[in-house]
Amino acid sequence: MCRCVDHPRAKQKGYYVFEHILVVEKHIGRYLKIGKEVVHHINGNIKDNRLKNLVVITPRKHSQLHYPEYRKNGFGFFKGQKKSVETKQGISKAKKEYWRLWRLKKKLPK
Ligand SMILES: [Zn+2]
């Protein structure tokens, strides 16, 4: 986590912003919309903040991504266990959404 006083998100929790959020925001060139966009770790490793492991999705899609695995085996998704078909499909959808946002960014004035 980074301490970024001028970050809109930082006003919520003592000026701290998660590293993965900063990585994505730097890449897309704008701030994420709080409550509308979240960053998901594709491989489930929340310490892996490489850009290729991060994807921007809606909170709704995010819970859809995690929920099927959560119901079956707790936090299995995070422990790197076998991903279900639903999770894999969710991830590919999330990737598409990510690239959609990425392309969108080019049209934004910044
Ligand atoms: Zn996630």
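Express in nm, to one decimal, how much length is gained between LYS26 and ARG60 on full extension, taking 0.36 nm for each residue of separation and deducting their alpha carbon distance.
Separation in residues times 0.36 nm, less the Cα-Cα distance, equals 9.9 nm.
Between LEU54 and residues 5 or more places away or on another chain, which pairs have amide H atoms under 5 Å apart, with H built 1.01 Å from N, and which residues are they?
Hits under the 5 Å cutoff: ILE42.
Step through the residues of region 36-47 one at a time and calculate ³J(HN,Hα) from phi using the Karplus curve (6.51 cos²θ - 1.76 cosθ + 1.60, θ = phi - 60°), rounding each to whole Hz and writing x for Gly and Pro.
Coupling constants for region 36-47: 10, 9, 10, 9, 10, 8, 4, 8, x, 8, 6, 8 Hz.
So between GLU19 and TRP102, what do we pick up on full extension, going 0.36 nm a residue minus the alpha carbon distance?
28.0 nm
Only the coordinates and a few stated rules stand behind these numbers; no lab work does. On a predicted model such as this, the values are computed, not experimentally measured, just so you know.
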